[in-house]
Ligand SMILES: [Zn+2]
């Protein structure tokens with residue numbers, strides 16, 4: 001597991017515990033006590049660090065390579081997952097995964113950004129940065145969901161839409177705009193969950209939903225802290241200041257009324273207990289699905305539009 | 001109606017001062033297109049277009065509205081106030097101070113003007129960006145203006161014409177500015193749902209979250225010649241792909257070639273184009289050849305059955 005700079009001392013304790021575990025195989029009894037003591041210490045330190053992560057630290061946690069990614073959630077939570085490919089116009093963009101599946105028994109459409117977990121898969125998924133064909137695939141799947149009255153679940157995790165010549169040539173801006181429009185116009189529930197990084201237009205393209213859930217240490221921002229710093233501070237090294245100024249944490253965004261619910265992460269972040277994290281996300285999405293199933297299409301659509309029209313009217317204390 | 005301010009006539013505005021100033025004869029400006037030195041007064045008379053090479057320089061927002069509306073007459077529609085600086089954002093400078101500076105410089109509340117009048121006799125509500133106001137960036141104030149303009153268009157059964165000129169979302173308003181993307185798309189949809197034309201006139205520059213929201217969902221997209229239009233910034237793209245960009249990349253003509261805009265026009269022909277499409281979309285009868293309206297003579301009827 002990759003160790004973040006502020007996790008250094010915790011990691012050292014964890015290594016020590018591992019070493020002792022090996023020794024204890026040799027039959028020394030009092031080692032168990034030592035391990036227990038160290039574990040208490042680790043837990044204490046994890047609390048100390050993770051209970052008050054700075055925004056810049058949250059950026060690191062949100063981007064942690066060992067955090068569960070889109071496909072991890074799908075694999076664990078979606079039964080009969082049937083990936084569907086292509087925008088029917090140009091190509092299939094693997095930065096955006098989409099398909100049919102069963103979420104706690106309920107057939108639905110799942111769409112999400114996948115960043116990959118090693119060099120090969122990262123290249124395959126273009127590091128989770130979608131091109132227009134990805135957003136057009138999302139639109140096509142949302143249309144299908146609408147036609148068959150299937151709820152849509154989106155998993156948001158992207159540094160942003162891909163900035164490239166080909167993406168621009170094929171209308172990146174139009175693809176994002178239409179994707180947002182589609183989110184706002186479908187007659188079925190849309191639940192968006194920001195599982196890692198919600199990067200700007202590339203994120204909102206699939207996140208303009210009835211319920212927006214966000215993991216405790218995930219981030220969601222109009223621009224990356226690095227990008228913001230290089231423009232406003234004229235130096236990318238001020239990214240920590242930008243991260244704080246942008247108010248990009250789940251806690252800030254809940255206060256601003258931009259997201260609806262925070263899903264708590266296991267102690268020490270999602271990367272320390274992936275199974276637990278995935279289960280919590282599953283429960284939260286399940287609850288949201290159940291709640292939204294009570295509304296008829298018209299109410300759903302009206303509420304969704306009113307929610308976005310009112311964005312920014314709520315003051316921050 | 002409190003949101004209607006006085007009728008604005010350009011000549012009166014010029015007399016009472018405001019952002020438009022008298023230009024001394026001795027001011028010159030170098031054309032960024034061909035480096036010709038141009039008389040500022042002459043340049044202004046030519047709608048900020050170079051006489052030598054046709055390069056379209058940016059146009060002041062008030063001038064934009066004056067040349068848009070018939071006889072330069074329009075009514076400004078005031079936009080409800082929004083929360084100011086809810087993030088208490090500060091970089092090297094406080095956002096609130098940047099905002100005040102921009103307000104003092106432009107005498108405007110935010111980076112946009114909403115106005116109504118007629119264009120070629122057609123009722124139009126226009127929302128035009130002021131690039132001089134923090135790069136025309138879109139925050140809650142601009143979002144509110146788009147919503148206000150769209151609803152005014154619906155209420156008065158007018159066409160809604162937007163003129164973006166923007167670097168994108170206003171990052172000093174954080175995710176609240178990002179949320180103006182869905183918000184303005186809903187506004188545009190309300191116009192379209194009412195059966196009214198929603199026209200986007202893309203002017204230099206239109207980038208980022210503005211392009212990726214209300215600016216790309218128009219019934220018709222018209223771009224001024226040579227305008228920069230795109231999602232990602234050119235420098236960001238260069239840094240990502242580590243190649244130089246193709247010539248004309250992200251310019252109006254490039255977007256036309258790639259199917260993203262309907263029409264690229266010279267500034268001087270914009271009103272004529274706009275008038276024509278508005279009349280056609282709104283089924284305005286007229287035109288010179290009314291031959292289709294008369295009864296068809298018996299012998300002239302085609303014998304072919306379809
Ligand atoms: Zn020139």
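Taken together, the values in this text are just the output of simple stated rules run on the coordinates, not laboratory data. Note that the structure is predicted; figures quoted are calculated from it, not measured. Note that we place each Cβ from the backbone using ideal geometry, even for glycine, and neighbour counts take in every protein chain shown.
Observations
- Separation between Cα centres of the range B:101-129 and the range A:79-145, rounded to whole Å: 41 Å
- Simple spin-label estimate for residue B:40 and residue A:106 in nanometres, 7 Å along Cα-Cβ: 6.4 nm
- Rounded if a/c under 1.5, otherwise prolate or oblate - the range B:157-238, Cα gyration tensor axes: oblate
- In this structure, residue A:236 and residue B:71 have a Cβ-Cβ separation that, at R0 = 51 Å, corresponds to a calculated FRET efficiency of about 0.50.
- Ascending count of other beta-carbon atoms within 10 Å, so fewest first, for A:188, A:194, A:3: A:3, A:188, A:194
- Length gained when the stretch residue A:54-residue A:127 is fully extended (0.36 nm per residue, less Cα-Cα span): 23.8 nm
- Nearest-ten-degree value, helix A:172-185 long axis tilted from longest Cα axis of chain A: 80 degrees
- For the protein assembly as shown, share of DSSP beta bridges that run antiparallel, in % to the nearest 5: 45 percent
- Exercise: per-residue mean of other protein chain Cβ atoms within 10 Å, A:232-245: 2
- Cα gyration tensor shape for the range A:173-278, rounded if a/c is under 1.5, else prolate or oblate: oblate
- Bridge orientation summary for chain A: considering DSSP beta bridges with both residues in this region, about 40 percent are antiparallel.
- Overall form of the range A:58-309 per C-alpha gyration tensor (a/c, 1.5; a/b vs b/c): rounded
- Result for chain A in a Gaussian network model with C-alpha springs under 10 Å: among A:145, A:175, A:245, the largest mean-square fluctuation is at A:245.
- Per-residue [θ]222 nm for chain A (sum of -39500 (n - 2.57) over DSSP H runs n ≥ 4, rounded to 500): -14000 deg cm²/dmol
- Max mean-square fluctuation residue, GNM over chain B, Cα-Cα springs under 10 Å, options B:30, B:123, B:268: B:30
- Pairwise Cα inverse-distance average, inverted: Kirkwood Rh of the protein assembly as shown (Å): 26.3 Å
- Ellipticity at 222 nm from helices only: DSSP H runs of n ≥ 4 in chain B, each -39500 (n - 2.57), divided by the residue count, give -9000 deg cm²/dmol.
- Alpha-carbon centroids, the range B:63-87 and the range B:238-274: separation in whole Å: 26 Å
- Note on residue A:261 and residue B:192: their simple-model spin labels are 3.1 nm apart, each label 7 Å out from Cα toward Cβ.
- As a proxy for reagent exposure, ranking B:196, A:300, B:27 by other Cβ atoms within 10 Å from fewest up yields B:27, A:300, B:196.
- Cα-projected label distance for residue A:39 with residue A:11, points at 7 Å along beta-carbon direction, nm: 2.3 nm
- Shown for the range B:59-281 is the translational diffusion coefficient from the Stokes-Einstein equation, using the Kirkwood radius over Cα pairs, a temperature of 4 °C and a viscosity of 1.567 mPa s: 74 µm²/s.
- Residues A:79, A:181 arranged by fewest to most Cβ contacts within 10 Å: A:79, A:181
- The mean number of Cβ atoms from other chains found within 10 Å of a Cβ in peptide B:91-101 is 2, as a whole number.
- Across peptide A:184-192, the mean count of Cβ atoms from other chains lying within 10 Å of each residue's own Cβ comes to 1.
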